[in-house]
Amino acid sequence: MSVLTSRPPTVTGRPRRGSRFSWTVMLLLSVAITGYSVGQYAAGSLQDLAADRVGLAPTYADRPFAVQVAFYVHIVTAGLALAVGPFQFVRAIRRRFPRVHRWIGRGYVGAVGLGSVAALVMSCFNSVAFAGFFGFGGLAVLWGWTTYRGYRAAREGDFAAHEAWMIRSFALTFAAPTLRLWFGVLILAQVLAGDAGGDVEKMVGQAYAAVPFLCWLPNLVVAELMVRRRNLPGLRFVVP
Ligand code: HEM
């Protein structure tokens with residue numbers, strides 16, 4: 001049986017200072033998506049929002065009560081994780097205010113724990129059937145798992161592994177902004193290709209069918225490249 005684990009760094013030394021520009025873009029996208037998502041669904045009941053065809057309200061307005069609870073739990077907790085996550089990568093906060101880093105980190109881990117369980121429930125009732133079940137469901141499991149590994153590494157005092165797992169975890173949290181970016185790109189591509197003959201509903205359906213995987217698989221590749229650039233422990237398969 002092979003197990004996915006992380007290997008020790010091959011080169012020792014200080015990790016590179018992250019680009020301030022890309023961090024700022026990441027923060028702005030995270031805050032914008034959190035604000036938009038929470039604001040959108042706080043504006044009324046699911047039934048009212050469904051009548052106005054707001055976001056996914058029409059999909060969830062008729063779902064069982066427990067699924068609707070999962071929907072709201074997911075939006076609030078995932079939004080919290082997305083909003084606070086970028087600050088965990090600020091070295092100045094980690095160095096000067098380690099207690100702040102620790103408390104935000106506990107909040108992040110708790111939010112991802114709840115958010116991923118809620119997302120797993122939602123993936124069984126999602127609006128894109130099988131692709132959504134496997135794409136969003138796979139994302140939910142990996143999101144919880146990478147975050148748990150990051151938390152465990154911190155508790156064990158293995159801070160290189162902690163940083164590596166939390167980079168992977170936040171790359172998955174960042175699926176919320178990348179989903180919306182990919183969605184826009186796929187709609188634009190169809191408009192430019194004249195594919196769906198101007199049928200907006202068809203274009204939306206086709207774009208949404210691809211995003212359950214597209215929103216997170218490339219993020220994981222980027223995360224792994226970042227882990228390697230920082231000489232942190234990369235992933236490898238081991239046969240125990
Ligand atoms: C990273 C792990 C995540 C997973 C596994 C996940 C899973 C899901 C699933 C299954 C849905 C329903 C999709 C459908 O029915 O078509 C959904 C919708 C939603 N999620 Fe997440 N999600 C994640 C991250 C986030 C984050 C970080 C946010 C932050 C704001 C977020 C906010 C939302 C919102 C607002 C919706 C409703 C979508 C809309 O209005 O278009 N999710 N998510």
Return yes or no: is residue 204 open to solvent by 80 Å² or more (accessible area, probe 1.4 Å), out of contact with any Lys or Arg (no Cβ under 6 Å at 6 or more places or on another chain), closer than 25 Å to residue 68 by Cα and among the aliphatic types (A, V, I, L, M)?
no
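Give the number of residues within the stretch 51-92 that are over 21 Å from residue 179 (Cα atoms), over 22 Å from the mean Cα position of the chain (by Cα) and in a helix (DSSP H, G or I).
4
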If residue 130 satisfies every condition in (1) farther than 26 Å from residue 34 by Cα; (2) within 16 Å of the ligand (Cβ to nearest atom); (3) touching a helix residue (DSSP H, G or I) at 6+ places or on another chain (Cβ under 7 Å) but one, which is the exception?
(3)
Please determine whether any residue of the stretch 73-85 is more than 10 Å from the ligand (Cβ to nearest atom), more than 18 Å from residue 137 (Cα to Cα) and either surrounded by fewer than 21 Cβ atoms within 10 Å (Cβ to Cβ) or polar (S, T, N, Q) (or both).
yes
Across the stretch 168-195, what is the total count of residues that are part of a helix (DSSP H, G or I) and either of a type in the set (Val, Ile, Thr) or farther than 20 Å from residue 112 by Cα (or both)?
15
Identify the residue in the stretch 115-127 that is within 6 Å of the ligand (Cβ to nearest atom) and not in a loop (DSSP other than H, G, I, E, B) and, among all such residues, is surrounded by the fewest Cβ atoms within 10 Å (Cβ to Cβ).
123
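For (1) open to solvent by 30 Å² or more (accessible area, probe 1.4 Å); (2) hydrophobic (A, V, I, L, M, F, W, C), each residue gets a yes or a no:
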{"position": "44", "(1), (2)": "no, no"}
{"position": "51", "(1), (2)": "yes, yes"}
{"position": "61", "(1), (2)": "no, yes"}
{"position": "66", "(1), (2)": "yes, yes"}
{"position": "69", "(1), (2)": "yes, yes"}
{"position": "89", "(1), (2)": "yes, yes"}
{"position": "94", "(1), (2)": "yes, no"}
{"position": "99", "(1), (2)": "yes, no"}
Do any residues in the stretch 168-188 that are within 15 Å of residue 206 (Cβ to Cβ) have Cβ atoms under 6 Å from those of residues that are away from the ligand (no atom under 13 Å from the Cβ), where the two are at least six apart or on different chains, and which pairs are they?
182/214; 187/203
Just one of 186, 214, 192 is open to solvent by 80 Å² or more (accessible area, probe 1.4 Å) and more than 9 Å from the ligand (Cβ to nearest atom); which is it?
192
How many residues does the stretch 132-159 hold that are open to solvent by 40 Å² or more (accessible area, probe 1.4 Å) and of a type in the set (Ser, Thr, Tyr)?
2
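The values are calculated or read from the model by the stated rules, or taken from the named source; none is laboratory data. The shown structure was predicted, so the numbers you read here are calculated from the model rather than taken from an experiment. We place every Cβ from the backbone using ideal geometry, glycine too, and count neighbours over all the protein chains shown. Protein only, heavy atoms only, side chains kept; ligands, DNA and RNA dropped before computing areas. Shrake-Rupley method; radii C 1.70, N 1.55, O 1.52, S 1.80 Å.
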